[in-house]
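Novice: Have a look at the structure that comes next, please.
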Amino acid sequence: MGHEIVHATAADFLQFYSRKMPFYVLRSSGIPVVLGGFWDQNGERWAVLDVRGRLSRSETLTMIRNVKAALKNSEVDVLITADTPTHPTAPKLLKLCGFKPTERILNGLEVWKYVRN
């Protein structure tokens, strides 16, 4: 059972989100289990990190390592929302990736921020 981080294909996004986006996918045994990426909107850089199902420890560590590397390369601070109602462990995962909670709420979700060093 293997996993890999590669550029997400249109088929990955269509299968995962039912829409197309230019992000990355973590596959486990060929099946997408995590999608993530960045986009700029209204002068802010936003991230998405969406997990399907329960990840193995190895998959989780692979994901965190790659998220941290991508964030480290960002030229600006990065925002993300914690969808805690859907993903109760989102705050723990975001902390492990280096995000910190803010007091901002967007569409009922808490906004977290990765601040560049």
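Novice: Looking at Thr86 and the list (1) touching a residue at least 24 places away in the same chain (Cβ under 8 Å); (2) of a type in the set (Ser, Thr, Tyr); (3) part of a loop (DSSP other than H, G, I, E, B), which single condition is not satisfied?
Specialist: Single failed check for Thr86: (1).
Novice: Are any residues in segment 58-117 among the hydroxyl-bearing types (Ser, Thr, Tyr) and more than 18 Å from Ile5 (Cβ to Cβ), and if so, which ones?
Specialist: Thr81, Thr84, Thr86, Thr89, Thr102, Tyr114
Novice: If only one of Glu110, Glu75, Glu59 is assigned to a helix (DSSP H, G or I) and either of a type outside the set (S, T, N, Q) or farther than 21 Å from Thr9 by Cα (or both), which one is it?
Specialist: The match here is Glu59.
Novice: Any idea which of (1) touching a strand residue (DSSP E or B) at 6+ places or on another chain (Cβ under 9 Å); (2) at pLDDT below 90 is the one Ser18 doesn't satisfy?
Specialist: Failing condition for Ser18: (1).
Novice: Sticking with this one: Considering only residues of segment 30-49 that are small (Gly, Ala, Ser) and exposed (fewer than 15 other Cβ atoms within 10 Å of the Cβ), which is farthest from Lys113 (Cα to Cα)?
Specialist: The residue in question is Gly30.
Novice: In segment 50-88, which residue that is closer than 14 Å to Leu109 by Cα and at pLDDT below 90 is surrounded by the most Cβ atoms within 10 Å (Cβ to Cβ)? Explain how you work it out, then say what you get.
Specialist: Kept after step one, since they are closer than 14 Å to Leu109 by Cα, are these residues of segment 50-88: 79-88.
Pick out the ones that are also at pLDDT below 90 and you get 86-87.
On the way: Thr86: 9, His87: 15.
That would be His87.
The values are calculated or read from the model by the stated rules, or taken from the named source; none is laboratory data. Bear in mind that the values here come from a model prediction, so they are computed numbers and not experimental data. For neighbour counting, all protein chains shown are included, and Cβ atoms are generated from backbone atoms with ideal geometry for every residue, glycine included.
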